[in-house]
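Presented below is the structure to which this report refers.
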Amino acid sequence: MAGRRISLAALTSAQRTVVITMTAALALIITVVTASLVSGSGSDVAHAASPTADQGKSSSASPKPHTTAPRTPAVPAVPDSIQHQAEAPGKAVNITIDDGPDPVWTPKVLQVLKQFHVHATFCMIGPQAKANPALVRRVVAEGHRLCDHTVSHDESMDHKPFAYQKKEILDAQDMITTAAGGTRVQYYRAPGGAFTPASRALAAQHGMRPLGWNIDTKDFSRPGVATIISTLKYEIGNGPTILFHDGGGDRTQTVAALKQALPWLAQQGYAFSFPKVK
């Protein structure tokens with residue numbers, strides 16, 4: 001019987017029923033096993049190609065668009081009116097020094113100020129500050145204050161778009177602050193007085209009080225020491241804020257004039273102050 005093929009027709013009715021039932025059951029088992037294997041394989045593929053369950057939840061959320069954060073002020077806003085007045089009460093003047101720092105002339109000006117125990121406000125050009133960080137830090141260390149005098153010293157900037165003015169002011173502020181090791185820049189002086197309402201508001205929003213002047217000694221044009229002193233004495237009644245320069249060229253006359261001006265002002269009963277910020 002071992003090699004003999006049995007015909008289904010030769011089987012009894014009961015035997016045929018058993019065979020058919022077993023064949024159907026076997027087919028069902030094969031179908032289930034095959035489906036299970038296919039399902040498991042597909043799950044592994046999907047797992048390899050997609051994030052984990054937690055990652056999937058995260059990725060299903062709508063991604064936030066990448067935007068550049070606006071430059072926000074790091075300090076409280078101050079008034080945007082142009083300041084001239086001194087912080088000190090009574091009879092006082094504010095010495096302001098523009099267009100530096102200069103590696104030759106700023107140290108000489110600092111030496112004169114130290115000699116007469118006077119503190120001043122240094123209105124700095126951004127790239128000059130960036131190029132001379134040690135000098136900026138010396139200005140701060142010796143008790144003086146910082147003023148933003150723009151990037152390019154463009155005296156016609158009040159006729160240019162606000163976007164240009166904004167870049168001139170805020171880029172210079174960043175350069176000076178970085179050079180100073182984080183010390184606050186407390187004032188903004190427009191080159192040649194080229195303020196606009198919008199530029200004043202911008203500076204004030206970033207903690208820099210717009211700073212004017214009352215007495216222009218004209219030292220920038222090098223008219224001679226005697227003329228610088230005469231101008232100072234003639235205009236002293238105009239108000240407390242006095243303009244000198246440590247940048248923009250040879251400042252020999254400025255240094256010599258300061259050596260005369262500072263003791264003369266003290267003899268007239270003037271105290272030395274800073275401009276008001278608020």
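Quick note: the coordinates plus some simple rules give every number you see, no bench work behind them. Keep in mind it's a predicted model, so treat the numbers as computed, not measured. Glycine gets a Cβ as well: all are built from the backbone with ideal geometry, and neighbour counts include every protein chain shown.
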Pairs from 91/278; 130/166; 167/278; 130/278; 218/259; 91/233 whose Cα-Cα separation, in the structure shown, is over 21 Å: 167/278; 130/278
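Give me the net charge for the shell around residue 271: Cβ to Cβ below 11 angstrom, other residues only, Lys and Arg +1, Asp and Glu -1.
0
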Just to confirm a number: summing +1 for Lys and Arg and -1 for Asp and Glu over residues other than residue 164 whose beta-carbon lies under 13 angstrom from that of residue 164, what do you get? -1
